[in-house]
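Single-structure report; data block below.
The values are calculated or read from the model by the stated rules, or taken from the named source; none is laboratory data. If you're wondering where the values come from, they're calculated on a predicted model, not measured in any experiment. Cβ sites come from the backbone with ideal geometry, for glycine too, and all protein chains shown count toward neighbours.
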Amino acid sequence: MSLAGYTIFHVSQQRVQAIEIAVVACLFAVAVVVLSKRGRISFRYTIGWLALCALSAFGGLLLPVIEPLSRKFQLDAFALVGALSITVLLSLCIQLSISISGLQSQLRKLNESFAIQQKELDDLRDSKQ
């Protein structure tokens, strides 16, 4: 007797996709934690990336809760989860841009200060000669 064609559990294609998304999000979260432990990512960005992973993982698994909200906005549930994930990702990008801009400003001020001190030192050497 063959069991071909029989399934133990009836799982919809949408549920399978949600589980796949959750697994990929968990794998990505593990990669973020490893990078954080190695010092490649700062703590605040680690938290941001982990928030994105959590949103993706739980959003995929909580489709029955999200579906009424998605119907209210006339969206597919996966589109709503994707939109929320993209929003978190864009806020991470904005935070990164703010940090880079601040670092550039600090570097410019440091270079200006160094140039002034170097000029004063050169002037002092020239006056001693």
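Counting the residues of region 74-129 that are in contact with a helix residue (DSSP H, G or I) (Cβ under 9 Å, 6 or more places away or on another chain) and either touching a residue at least 12 places away in the same chain (Cβ under 8 Å) or not in a helix (DSSP H, G or I) (or both) gives 14. Checking SER36, SER56 one by one, the residue that is polar (S, T, N, Q), within 22 Å of SER97 (Cα to Cα) and assigned to a helix (DSSP H, G or I) is SER36 and no other. Going by the structure shown, is ALA57 modelled with pLDDT under 85 and closer than 20 Å to ILE21 by Cα? Answer is yes for this residue. Annotation note: Cβ proximity below 6 Å between a residue of region 8-36 that is within 19 Å of PHE58 (Cβ to Cβ) and surrounded by 11 or more Cβ atoms within 10 Å (Cβ to Cβ) and a residue that is of a type in the set (Phe, Trp, Tyr) and modelled with pLDDT of 85 or more (sequence gap 6+ or interchain) occurs for VAL32/TRP49. Against the test of being modelled with pLDDT of 90 or more, under 27 Å from ALA29 (Cα atoms) and among the hydroxyl-bearing types (Ser, Thr, Tyr), the options SER85, SER97, SER91, SER105 yield a single qualifying residue, SER97.
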